[in-house]
Amino acid sequence: MIKVHNLLKKVAVADGELEILRGINLEIKPGETLAIVGVSGSGKSTLLGLLAGLDVATGGEVSIDGVALSSLDEDARAALRAQKVGFVFQSFQLLPALNALENVMLPMELAGSADASARAREYLERVGLAHRLDHYPSQLSGGEQQRVAIARAFAARPTILFADEPTGNLDTQTGDTIIKLLFELNESEGTTLVLVTHDNRLAQACSRRVHMSNGRLEEAT
């Protein structure tokens, strides 16, 4: 599903260049659940952004479902993400002016889906928020906002779901609920799940774990 070959990422700093990723090689199979773990600043979120086509590598290659991201311009990468990719973020990334139903509907409407409303209602019901459709993010708890974000991600029926610290802003009990929900939906939908986390409970729930250290990647036990 995802192939990474000799991936490099450098950024300019005051005294030269900072090497964030140093020759990453990785293969992720369809339906696999993969956790990327490591200390803050090790390059985890940078790698996730490159895998999703949100950023451009300095060198190397990322391929999604056989398509090399380097062969695509920005518009084509956006189209690929709209077709195949879903996201769940630590900060939820809900639009404050839209209610729960509208937040879940929005990506599907932008993609031209005729059944956006029905699918949004279905997935909000699946995450236990059928009674909160008309509520705005400011009226929802952190756990409820993350459930809306998960419904939004899965309702678009992506092939791959990327999650960046999805339990990072939640207390332990709420985080456990989100972990259970995330993996239940992932299993039922057959999605490939790739996540970055400091949460050992979340990492251990994945079928495979890799460890990032100083811009390099190694398999973790």
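The values are calculated or read from the model by the stated rules, or taken from the named source; none is laboratory data. Predicted model only: the values in this text are computed from it and were never measured. We place every Cβ from the backbone using ideal geometry, glycine too, and count neighbours over all the protein chains shown. Please note that ligands, DNA and RNA were not included when accessible areas were found on the heavy atoms of the full protein model with its side chains. Shrake-Rupley method; radii C 1.70, N 1.55, O 1.52, S 1.80 Å.
If you put +1 on each Lys and Arg Cβ and -1 on each Asp and Glu Cβ, how big is the dipole of the chain around its Cα centre, in Debye rounded to 20?
The calculation lands at about 260 debye.
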Range of Cα positions in the range 27-151 per principal axis (Å), largest first: 47, 37, 28
Ranked packing of 154-166, 33-45, 126-138, 71-83, most packed first, by mean Cβ within 10 Å: 154-166, 33-45, 126-138, 71-83
Kirkwood Rh in Å, taken over the range 22-83 so that all alpha-carbon pairs contribute: 12.8
Peptides 55-65, 191-201 ordered by average Cβ neighbours within 10 Å, highest first: 191-201, 55-65
Area accessible to solvent at residue 105, 1.4 Å probe radius, in Å²: 30
Lys pairs under 23 Å by Cα in the range 1-133, provided they are eight or more residues apart or on distinct chains: 8
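What number results when the radius of gyration of the range 131-221, computed over Cα atoms, is divided by 2.2 N^0.38 Å?
Numbers: Rg = 14.2 Å, N = 91, 2.2 N^0.38 = 12.2 Å.
Scaled against compact globular proteins, the figure is 1.16.
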Solvent exposure ordering (accessible area, 1.4 Å, most first) of 5, 211: 5, 211
Kirkwood hydrodynamic radius of the range 94-159, from inverse mean 1/r over distinct Cα pairs, in Å: 11.3
Long-range amide H partners of residue 20 with built H, under 5 Å: 9, 10, 11
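Can you send over the carbon and sulfur percentage of the accessible area for the range 147-204, probe radius 1.4 Å, protein chains only?
On the way: 920 of 2160 Å².
Result for the range 147-204: 43 percent of the exposed heavy-atom area is carbon or sulfur.
Report, for the chain, the % of DSSP beta bridges that are antiparallel, rounded to 5. Walk me through the intermediate numbers first.
Working: 22 of 40 bridges.
The antiparallel proportion sits near 55 percent.
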Mean separation of Cα contacts under 8 Å (6+ apart) over length of the range 24-129, as relative contact order %: 13
